[in-house]
Amino acid sequence: MSNPSESGQQRSTAEWLSLVISLLLLATVVGIIIFLWITPSDEAVQFSVQTAQAREVDGVFYLPVTVRNAGDSTAGQVLLEGSLMVDGQEEAPTTTLDFVPGHSEREATLIFSADPAQAEIRIVSYQKP
């Protein structure tokens, strides 16, 4: 058998460097996967609701709403409700967001017949998907 150095098959510095970098990247990816697998990530759903400036079109007010979920869990069928007193009666438009995954946000629009500047917006319910 011939020696690798005798047959001209010796590894260059670039090949060794490429091998080391590839092994480090592979070890990093495997380490992250193992860490995420071992670490529990079941923090409950944590909603926050933020409204933007309402716009009026033909006497109807459209109120953009952003729902954020700071928890790890996904929420399904999130019921969003607005509440506004108009001429002594409560106006309560609702909408349902199909999914709000953990650490994400979704946008919706509630429609009112009067200026919703004083409207209260809240999450009424959600389901675990």
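Coordinate-derived values only; no laboratory data. Only a predicted model underlies this, so the values are computations on that prediction, with no experimental measurement involved.
Descriptive notes on the structure:
- The mean sequence separation of alpha-carbon pairs under 8 Å and at least six residues apart, normalised by the residue count of the chain, gives a relative contact order of 24 percent.
- Expected 222 nm ellipticity per residue - DSSP helices of 4 or more, -39500 (n - 2.57), all of the chain, to 500: -7000 deg cm²/dmol
- Kirkwood-based shape ratio for the chain, expressed as Rg/Rh from alpha carbons: 1.45
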